[in-house]
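These notes are about the structure you will find just below.
The values are calculated or read from the model by the stated rules, or taken from the named source; none is laboratory data. Just so it is clear, the model here is predicted, and its values are computed rather than measured. When we count neighbours, we look across all protein chains shown, and the Cβ atoms used for this are built from the backbone with ideal geometry, even at glycine.
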């Protein structure tokens, strides 16, 4: 195979060199000198063989880099044979022939590439690329080897509108409708890795009606350097349209908080706990103690965390004695408490177990963090703890009260409150996806129900950022943006799926569910250095009294009444 390539390459060098020399001798009115031609051909053949294995380059897969390599090889050859003819052959003659040869070899290679690829793949689909920057141009070249034909570039830069790139016209988004007529293009690719969620959503809202499918490139943080962009394209998802990307994420602050620390994470295999674990690995923790009562969840996250020292603890936070042994053995510097029962209807049906896991489990972890000298304790809370209408929210509010009033002995204890995270287990988005895959109508409890949403990675990074700036006693609140109507979310997911036969059905509010979630009980009275993080007004509760109330809660026959005495704003809505 290599011999064939070598022979073919040498034949091309010989043929093109004879041709370019014949022409150059003619232009310069000089007699043909065979010894000059043969000497140059010999040097070019040797250079092609030894420099970058030029002879083996595939012309059918040529790229800009291939053309540069070809040019470099023959410029080096020129520098080798130039001294051989010094004083014998005019420099201008040799330089002119070189330029003609470079043009000929690269033109021949490009012509071969174009003919092979144009004839090999039948272009059956049309694509429009939004973004005529580096990413868009790279994608256009990659689409040359696919069934897609790039019809237009769209760009907001007026300077390049109405111009063309590789004979493909660049238009503004406002011209798209007149270009398409009554039909639809097959695919829109949003080739702007640095674009924020608001920009992606704006493009989708304005242009989705003109395309059968829409895909986007990953963000700059996620994109694989050196890989083909076309293979990294992903279908636009509801997460891309709803996600909030905080503009004041302080990665240096997070790194200083996490780097070289021993960190214990409870509920480490859950949606939040597993992402906290990944972020701690990313920001350079020294050791992770991953604690979870689920064997499968613990195994799953352990398979992901490979770069740092990890201890796996299969344990329930309810077991105080075992928890004490874990803290004694590993001496964590930071404790992040994500273990909790969070599913509202399930908690309503299992009140005693929820109190035991959420309240007693949290109390145990806080007590052990203080006892064993952890420097920081960060508890994951929820917007459902604000004026709760369900048992889950009320148990989390008690956890907030305990964390806020337990500070002492050198452990800084903080809570971080936020709303729903996109794609978490038990959340509405995986449920809707499953219903769409099964061809079922989407069930929404009420036409007016709204929720806050944030991507899991962004929420977890802000949790760590809040933990870094906490000094003890704070309840931090993450900025979740504007609440989103669940019915609008359902309609958007139906639209993205292309399953217009699927409808939305209303099933009625579930036990403990309310129409609107809140993040504040009263107006926040404290700011932080970051707009994405504020601090709730503190609630004083004597810790001895709270401990006594929790003990009474465990033995009380009327647990709902006792919950209301601890959390007066609890307005239970069981149906």
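Below are the figures for this structure:
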quantity: Enumeration of residues in segment 252-277 that are in a helix (DSSP H, G or I) and touching a residue at least 40 places away in the same chain (Cβ under 8 Å); calculated: 253, 254, 256, 257, 258, 271, 272, 273, 275, 276
quantity: For residue 287: the one exception among (1) in contact with a strand residue (DSSP E or B) (Cβ under 8 Å, 6 or more places away or on another chain); (2) closer than 23 Å to residue 421 by Cα; calculated: (2)
quantity: Residue list for segment 317-351, restricted to those being part of a helix (DSSP H, G or I) and in contact with a helix residue (DSSP H, G or I) (Cβ under 7 Å, 6 or more places away or on another chain); calculated: 320, 323, 324, 327, 344, 347, 348, 351
quantity: Given (1) assigned to a loop (DSSP other than H, G, I, E, B); (2) crowded, with 22+ Cβ neighbours inside 10 Å, number of the condition residue 359 does not satisfy; calculated: (1)
quantity: Residue in segment 25-47 that is under 20 Å from residue 112 (Cβ atoms) and in a helix (DSSP H, G or I) present; calculated: yes
quantity: Unmet criterion (only one of (1) farther than 30 Å from residue 528 by Cβ; (2) assigned by TED's automatic domain parsing to the domain that holds residue 382) for residue 492; calculated: (2)
quantity: Residue within segment 176-193 that is in a helix (DSSP H, G or I) and buried (at least 16 other Cβ atoms within 10 Å of the Cβ) present; calculated: yes
quantity: Scan of segment 315-343 for residues that are surrounded by fewer than 15 Cβ atoms within 10 Å (Cβ to Cβ) and touching a strand residue (DSSP E or B) at 6+ places or on another chain (Cβ under 8 Å), ordered by number; calculated: 331
quantity: Set 80, 73, 89: member being outside any helix (DSSP H, G or I) and in contact with a helix residue (DSSP H, G or I) (Cβ under 8 Å, 6 or more places away or on another chain); calculated: 89
quantity: Filtered residues of segment 300-313 (kept if closer than 14 Å to residue 273 by Cα and surrounded by 15 or more Cβ atoms within 10 Å (Cβ to Cβ)); calculated: 301, 302, 305, 312, 313
quantity: Only one of 384, 376 that is surrounded by fewer than 24 Cβ atoms within 10 Å (Cβ to Cβ) and closer than 23 Å to residue 276 by Cα; calculated: 376
quantity: Hey, residue 253 surrounded by fewer than 20 Cβ atoms within 10 Å (Cβ to Cβ) and in contact with a helix residue (DSSP H, G or I) (Cβ under 6 Å, 6 or more places away or on another chain) or not; calculated: yes
quantity: Given (1) in a loop (DSSP other than H, G, I, E, B); (2) crowded, with 19+ Cβ neighbours inside 10 Å; (3) assigned by TED's automatic domain parsing to the domain that holds residue 261, index of the condition residue 512 fails; calculated: (3)
quantity: Residue check for residue 448: under 27 Å from the mean Cα position of the chain (by Cα), over 29 Å from residue 355 (Cα atoms) and surrounded by fewer than 15 Cβ atoms within 10 Å (Cβ to Cβ); calculated: no
quantity: Residue in segment 517-533 that is within 32 Å of the chain's Cα centre (by Cα), buried (at least 20 other Cβ atoms within 10 Å of the Cβ) and not in a loop (DSSP other than H, G, I, E, B) present; calculated: yes
quantity: Qualifying residue in segment 147-165 (condition: farther than 19 Å from residue 124 by Cα, assigned by TED's automatic domain parsing to the domain that holds residue 308 and in contact with a strand residue (DSSP E or B) (Cβ under 6 Å, 6 or more places away or on another chain)); calculated: no
quantity: Among (1) buried (at least 20 other Cβ atoms within 10 Å of the Cβ); (2) outside the structural domain of residue 535 (by TED's automatic domain parsing); (3) closer than 21 Å to residue 392 by Cβ, the one test that residue 475 misses; calculated: (2)
